[in-house]
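Below: one structure, written as structure tokens.
The values are calculated or read from the model by the stated rules, or taken from the named source; none is laboratory data. Note that the structure is a prediction, hence the values are computed from the model and not measured. With ideal geometry, Cβ positions are generated from the backbone for all residues, glycine too; neighbour counts draw on all protein chains shown. Accessible surface areas use protein heavy atoms only, side chains included; no ligands, DNA or RNA. Shrake-Rupley method; radii C 1.70, N 1.55, O 1.52, S 1.80 Å.
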Amino acid sequence: MQFKVPQNVQREDRIVGPLTLKQLIICGVGGGVAYAIYVSLGKAYLWITWLPPVAIVTIITVAFAFIKPLDLSFAKWLSCWIEFALLPRKRFWIKASGEVIAPMMAATTGKTKIEKQAEAKADALSEKQKKLDELTKFLESQKKTKNE
């Protein structure tokens, strides 16, 4: 017995014509906002006043509903672009650090948390080495006094 297996399960279902439910909701909300702006400004002002805000809302609505740059939704693409624009471009690697991204400003303005921890470890090791040297000198002096 053979069964039909769906081939493209990642594709969104089409609700009305070529529009998905998400696109319908975005168009409904954006169209409602544009219409509310038109109704509130259209009776009291000339078209020069109400047209720019209605056009801006309409363009943003169309962008979010239909434009898919790099095969991503416009909202996802916009958030990635903003993240790219705001985060530093250069990253550096510190061996055995727990931080994935260390900003460049922290490296230039002062010591990072990891560098401070490394210095504290080095200081602790040098302190232990000094104590060990003192103990060795003391034991050697004790050994010399017993032998004499």
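Here are the numbers:
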| quantity | calculated |
| --- | --- |
| Residue check, residue 34 aliphatic (A, V, I, L, M), open to solvent by less than 100 Å² (accessible area, probe 1.4 Å) and in contact (Cβ under 8 Å) with a residue 24 or more places away in the chain | yes |
| Looking only at the range 37-58, and only at residues there that are of a type outside the set (Ser, Thr, Tyr) and assigned to a loop (DSSP other than H, G, I, E, B), the one that is most open to solvent (accessible area, probe 1.4 Å) | 43 |
| Qualifying residue in the range 61-69 (condition: open to solvent by 100 Å² or more (accessible area, probe 1.4 Å), of a type outside the set (A, V, I, L, M) and modelled with pLDDT under 90) | yes |
| Answer residue from the range 82-116, given it is part of a helix (DSSP H, G or I) and at pLDDT 85 or above and is nearest to the chain's Cα centre (by Cα) among those | 83 |
| Hey, residue 22 open to solvent by 60 Å² or more (accessible area, probe 1.4 Å) and within 16 Å of residue 67 (Cβ to Cβ) or not | yes |
